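K.L.:
The structure is given below, and queries will be raised subsequently.
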Amino acid sequence: MLPALLRLSLRRALLALPLVLAVIAFTFFLIRLAPGDPAAILAGEAPTPEFLAQVRAEYGLDQPAWRQFVAFLGKAMTGDFGTSIYSKQPVFTVILERFPATVLLTGTAMVIASLIGILLGAASARRAGSRADALISAASLVGYSLPGFWVGQLLILLFAVSLNWLPAGGMVAARGSYTGWRHVEDVAFHMVLPVATLAVFLLTMIARFTRAAMVEALDQDYVLVAEAKGASRRRVLWNHAFRNAAVTTVTVIGLEFGMVLAGAVVVEIVFSWPGLGRLFYDAIHRRDFALLTGAFMFSSLVVIVVNMVSDIGCAMLDPRIRR
Amino acid sequence: MTLASPLPTRPAWVTRPLTVLAAVRRQPAAGVMGALLVLVTILGALLAPFLTAADPLALGSDTLAEPSWAHPFGTDDLGRDVLARVLYGGRVSLGIGLFSAAISVGLGMTIGMVAGFFGGLLDEVLMRITEAFQILPKLLVAVVVVSLIGSGLLNEILVIGLLSWPATARIVRGRVQVIRHEEFIAAAEMSGAGPVRLLARHIAPNVLSFLLVSASLQVASAIMSESFLSFLGLGDPEHPSWGLLLQQGQLFLQQAWWLTTFPGLALAMTVLGLNLLGDGLSGSHAAPARSRR
């Protein structure tokens, strides 16, 4: 099993490489295409002449275009995204500082949403056409249509402003810095609302696609065979139908991960969560373009990798894809 | 569900446009409710001057006032009437949604038809590009482009439109691959029709019914994308959209609930309406397509 999977992983990685290059090339041309001097864009508004000269030399902006591209590409590939104009720190360092908070938020929301979404989708598909199915389908369409940041704002209005049960934002309590177990508790407490917001969107998406895939799977001959052999309903549903439907669910999560990350960006802004999304917002408002393009290239890379992993996950779930 | 005719070569609504209404009517709850929601928001945006006397951009002395008879949705931090801002904001949001969707659906249809019709290497190349566009985080690409090129209605429309075509392209390609092997295509080919004529006269009309579904979902997603950009502060303050109102509301979330509740409600209603409409329409069209096997 391992060699086949290893070969597939390598092939996927090779396929992802052109995409990574395309993102870097796109960013490069965007900076050149933008009105104004690329050096001024990367150096921020009203830079000192020394800093402007430093940026110009750093990116080789006095050299021909192709030399500039090679320099940009080489830097980007080694994780050198330039210097943040605002914090004067390397962009990559700033991003790595913020990334764990985003992973914590999206990861938790993803796990919760997958569990509930798959359960709802499967329950809906098992009783396709029933009233419960109609209710779940309608609810997931509504959830899917709600703008994520608005859901977050409403949750703040209800649970933080009116009821005062949960904090409205941040990752830790402003006063008193806790350590050890109290710190974990504090972060978890601050996570409830943002995770719930992000999970609503994810959950409805997963429920919708899982339902569709399960309805199709339950209609297949192998389900009929399993039923004829006397397998229990639960066994048919999970061992036969879901094993096949899961491929769709995993594919969808991979394909829509860009949307998930975008959702995380707005949720982080609404809840002042100190992650990558907040970084985007600050970079836009401070016109810190080195940071903005760096954060963009980094997020794209994350999306491409998640996609690759979901592809490999599909192959592990379904041996037919492995070939 | 709907009864399928055995050989639907051309969707009925192409020949008889009134059957669109019939199709919506056959999907009782979902489609009709979606159509109604969309109608309400369109009317609200169009009839804004008749529904409120207030000017969405006029400053007032009564700042952050709670909803009252004078200001049904309250006022914002500069004393502007929120009802007027929501109604006129609908023009911006719906307008951007419509124009971007027109670009993305047009582009997606063209690429999907060409890929599905010609197949081979061209199809392979186009589909790789489509996949690349699908994997990339569309909204983040839009954020970077608009930040660097500059915000403004036209830029927002172009960026959203040019980034949103892959979904349509894939659906259309799949349809065309099926239609390509129908007998009426072979007949047209034998009577000497070239590829352009085949695509324009024989294939395009058969894809149009799917475009209706695609278009309503695309408008919904474009409105969402616009609100995302505006929420990140990349909207046009001269033409406040619902997303921009929500961004301003965020600053006063703790003091003024009405600043976020009403624009968000309008946004959610519109997107839900369009999604319901798209679902209703696809329900009535997908049935014949499936029964063909």
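K.L.:
Give me the distance between the Cα centres of region B:160-230 and region B:47-73, rounded to whole Å.
P.N.:
Using only Cα atoms, the two centres lie 43 Å from each other.
K.L.:
Using a cut-off of under 18 Å, list every residue of region B:75-108 whose amide N is near the label point 7 Å from the Cα of B:Leu57 along the Cα-to-beta-carbon line.
P.N.:
B:76-96
K.L.:
Further question on the same structure: Any idea what angle helix B:120-135 forms with the longest principal axis of chain B, computed on alpha-carbon atoms, 0 to 90 degrees, nearest 10?
P.N.:
The angle comes out near 20 degrees.
K.L.:
Please report, in Å, the Rg and the Dmax of region A:84-322, where both are computed over Cα atoms only.
P.N.:
Both quantities, over Cα of region A:84-322: 20.5, 68 Å.
K.L.:
Under 8 Å for C-alpha pairs, at least 6 residues apart: give me the relative contact order for chain B, rounded to a whole percent.
P.N.:
Contact order relative to length: 30 percent.
K.L.:
For A:Val172 and A:Met77 in one chain, what is 0.36 nm times their gap in residues minus the Cα-Cα distance, to one decimal in nm?
P.N.:
30.8 nm
K.L.:
Now for a separate question. Helix B:242-251: angle to the longest alpha-carbon principal axis of chain B, degrees 0 to 90, nearest 10?
P.N.:
40 degrees
K.L.:
Computed over the Cα atoms, what is the radius of gyration of region A:187-323 divided by 2.2 N^0.38 Å, N being its residue count?
P.N.:
Its radius of gyration relative to the 2.2 N^0.38 Å reference: 1.37.
K.L.:
Treat region A:252-305 as a sphere of radius equal to its Kirkwood radius over Cα pairs and apply Stokes-Einstein at 20 °C in a medium of 1.002 mPa s; give the translational diffusion coefficient in µm²/s, rounded to a whole number.
P.N.:
The Stokes-Einstein estimate is 188 µm²/s.
K.L.:
Quote the total accessible area buried by chains A and B together, excluding ligands, DNA and RNA, probe 1.4 Å, nearest 100 Å².
P.N.:
3700 Å²
K.L.:
What's the Cα-based Rg to Rh of the protein assembly as shown, Rh via Kirkwood?
P.N.:
Checking Rg against Rh, the ratio lands at 0.97.
K.L.:
Relative contact order for region A:30-78 using alpha-carbon pairs under 8 Å, separation at least 6, rounded to a whole percent?
P.N.:
Reported relative contact order: 23 percent.
K.L.:
Would you mind working out the accessible area per residue for region B:135-293, using a 1.4 Å probe, and quoting it in Å²?
P.N.:
Accessible area per residue: 36 Å².
K.L.:
Hydropathy at least 1.6 by Kyte-Doolittle, axial extent at least 27 angstrom from the Cα trace: which helices of chain A, defined as entire DSSP H runs, fit?
P.N.:
Helix filter hits for chain A: A:2-33, A:289-317.
K.L.:
Quick one: accessible area per residue over region A:84-322, 1.4 Å probe, rounded to a whole number of Å²?
P.N.:
Accessible surface, normalised per residue, equals 45 Å².
K.L.:
For chain B, find the longest principal axis of its Cα atoms and tell me its angle to the long axis of helix B:138-149, 0 to 90°, nearest 10.
P.N.:
Relative to chain B, helix B:138-149 is tipped by roughly 60 degrees.
K.L.:
Mind ordering B:221-231, B:121-131 by average Cβ neighbours within 10 Å, highest first?
P.N.:
Those peptides, ordered most packed to least, come out B:221-231, B:121-131.
K.L.:
For region A:134-161, state which residues have at least 50 Å² less accessible area in the presence of all protein chains than in their chain by itself, taking the probe as 1.4 Å and leaving out ligands, DNA and RNA.
P.N.:
Those are A:Leu141, A:Ser145, A:Pro147, A:Phe149, A:Trp150, A:Gln153, A:Leu157, which lose 50 Å² or more relative to the chain on its own.
K.L.:
Measure off, as a whole percent, the carbon and sulfur share of the 1.4 Å-probe accessible area of the protein assembly as shown, all protein chains present.
P.N.:
That fraction is 67 percent.
K.L.:
Run the quick spin-label model on A:Arg32 and B:Ala102: label points 7 Å from Cα toward the beta carbon, then report their separation in nm to one decimal.
P.N.:
Modelled inter-label distance: 3.3 nm.
K.L.:
Could you check the simple spin-label distance between B:Leu78 and B:Ile149, using points 7 Å along Cα→Cβ, in nm with one decimal?
P.N.:
2.7 nm
K.L.:
When a/c is below 1.5 the answer is rounded, else prolate if a/b is larger than b/c, else oblate, so apply that to chain B with a ≥ b ≥ c taken from the square roots of the Cα gyration tensor eigenvalues.
P.N.:
Prolate shape, in that a/c is at least 1.5 and a/b is the bigger ratio.
The values are calculated or read from the model by the stated rules, or taken from the named source; none is laboratory data. These numbers were taken from a predicted model, which means no experiment stands behind them. Neighbour counts run over all protein chains shown; Cβ positions are idealised from the backbone, glycine included. We work out accessible area using only protein heavy atoms, side chains counted, and drop any ligands, DNA or RNA first. Shrake-Rupley method; radii C 1.70, N 1.55, O 1.52, S 1.80 Å.
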